[in-house]
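Report on one structure; see the data block that follows.
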Amino acid sequence: MKLNSTFSEEVIKLKSNNIISNKEEIVKKLSILLTNAVKGEKVAIGFSGGIDSTLIAFICEKKNIPFTLYSVGLKNSPDLEYAKKVAKFYNWKLIAKELTEEEVESIFKKLNILPRIDVVNIGVGAVTYAVCEQVKEKTILTGLGSEEIFAGYERHKGEINKNCWLGLEEIYERDIVRDSTIANHFKLKVHCPFLNKELIEYSMQIDEKLKMNEEYKKLILRYTAEHLGLNKEFCWRKKKAAQYGSYFDKVLTKLAKRNKQTKREYVSKGLRVSAPNPPE
């Protein structure tokens with residue numbers, strides 16, 4: 001599916017009342033769909049060592065797609081350290097950049113390129129910006145969409161698939177615009193395997209009981225990663241959102257306190273400028 005302003009309309013057309021509950025059947029089908037969704041000739045992968053980016057890299061290797069991993073974070077940040085661990089285990093090429101608080105603050109200020117500036121967009125956007133800044137390839141693969149089709153957020157609890165649909169319908173304005181704006185700034189093409197049309201259509205028919213339980217989110221994706229052969233430890237790693245796993249949110253919190261403001265006030269008053277138009 002094209003990541004443009006018609007994305008939400010196209011997503012709505014994929015809705016179905018069908019429910020698939022056979023775990024073994026689902027795992028086999030998802031293995032095929034995920035493998036087919038990962039494409040490219042020579043790609044960059046925004047890498048945190050989480051299940052999404054690790055699985056994308058694993059599939060790239062299986063398909064002989066040349067790739068380089070790019071990771072960012074403050075010193076000792078969980079995502080940066082775990083990315084190094086996974087890359088070392090598989091002997092994958094990783095470019096890892098350890099940033100200072102001053103460098104992260106500088107990136108926050110550069111995010112006036114975004115059409116919408118809020119705490120989440122600044123936190124996540126700063127990670128994306130720091131990664132894209134390093135990329136030498138023309139295309140970057142990201143795990144965007146996995147959270148929505150496989151139930152990766154706390155807000156998905158309750159009526160899981162209904163909440164996943166709501167998230168998918170809002171993902172263009174909430175996430176795609178941000179990531180595309182940053183990628184365009186660096187003249188990069190973004191490819192999101194988890195937003196593949198066939199993958200969305202099938203995944204959103206999966207019984208919600210197979211997506212989340214009391215202990216884990218994205219259950220069925222983890223089972224599928226195991227089936228594909230990904231190291232079990234990496235399949236079941238729990239991680240926080242990018243702004244927390246990179247420790248970028250700690251910098252934002254510190255800057256807000258220094259100015260005697262909440263994070264929302266700091267972002268709104270200190271970083272907001274006239275916004276450009278969103279990408280088509």
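The values are calculated or read from the model by the stated rules, or taken from the named source; none is laboratory data. A quick note: this is a predicted structure, and the numbers were derived from the prediction, not measured. For neighbour counting, all protein chains shown are included, and Cβ atoms are generated from backbone atoms with ideal geometry for every residue, glycine included.
Note on the stretch 58-94: among residues that are out of contact with any Phe, Trp or Tyr (no Cβ under 9 Å at 6 or more places or on another chain) and among the hydrophobic types (A, V, I, L, M, F, W, C), the one that is surrounded by the fewest Cβ atoms within 10 Å (Cβ to Cβ) is Ile65. Annotation: of all residues in the stretch 190-242 being over 11 Å from Gly152 (Cβ atoms) and among the small types (Gly, Ala, Ser), the one that is nearest to the chain's Cα centre (by Cα) is Ala242.
Evaluating Ala242 against the criteria (1) in contact with an Asp or Glu (Cβ under 8 Å, 6 or more places away or on another chain); (2) under 21 Å from Leu80 (Cα atoms); (3) at pLDDT 95 or above leaves one unmet condition, (3).
Residues in the stretch 104-135 that are in contact with a Leu (Cβ under 9 Å, 6 or more places away or on another chain) and of a type in the set (D, E, K, R) were compared, and the one that is farthest from Val177 (Cα to Cα) is Glu105. All of (1) surrounded by 15 or more Cβ atoms within 10 Å (Cβ to Cβ); (2) more than 29 Å from Glu105 (Cα to Cα); (3) at pLDDT below 95 hold for Glu215 with one exception: (1).
Determine if the stretch 74-84 includes at least one residue that is among the hydroxyl-bearing types (Ser, Thr, Tyr) and out of contact with any Leu (no Cβ under 8 Å at 6 or more places or on another chain). Checking the stretch 74-84: at least one residue is among the hydroxyl-bearing types (Ser, Thr, Tyr) and out of contact with any Leu (no Cβ under 8 Å at 6 or more places or on another chain).
In the stretch 256-280, of all residues being at pLDDT 90 or above and either on the phi > 0 side of the Ramachandran plot or of a type in the set (Ser, Thr, Tyr) (or both), the one that is surrounded by the most Cβ atoms within 10 Å (Cβ to Cβ) corresponds to Tyr266. Is it the case that the stretch 41-57 has a residue that's surrounded by fewer than 21 Cβ atoms within 10 Å (Cβ to Cβ) and over 22 Å from Met204 (Cα atoms)? Within the stretch 41-57, one or more residues are surrounded by fewer than 21 Cβ atoms within 10 Å (Cβ to Cβ) and over 22 Å from Met204 (Cα atoms). Residue pairs whose Cβ atoms lie under 9 Å apart, sitting 6 or more positions apart in sequence or on different chains, and linking a residue in the stretch 39-50 that is touching a residue at least 24 places away in the same chain (Cβ under 8 Å) and among the acidic types (Asp, Glu) to a partner that is outside any loop (DSSP other than H, G, I, E, B) and surrounded by fewer than 24 Cβ atoms within 10 Å (Cβ to Cβ), are Glu41/Thr139. Looking only at residues in the stretch 101-155 that are buried (at least 16 other Cβ atoms within 10 Å of the Cβ) and of a type in the set (Ser, Thr, Tyr), the one that is farthest from the chain's Cα centre (by Cα) is Thr139. Restricting attention to the stretch 53-82, the residues being touching a residue at least 60 places away in the same chain (Cβ under 8 Å) and more than 18 Å from Phe248 (Cβ to Cβ) number 9. Based on this model, can you work out whether Leu33 counts as within 22 Å of Lys211 (Cβ to Cβ) and aliphatic (A, V, I, L, M)? When the stated conditions are applied, Leu33 passes them.
Restricting attention to the stretch 20-57, the residues that are under 13 Å from Ala225 (Cα atoms) and within 16 Å of the chain's Cα centre (by Cα) add up to 9.
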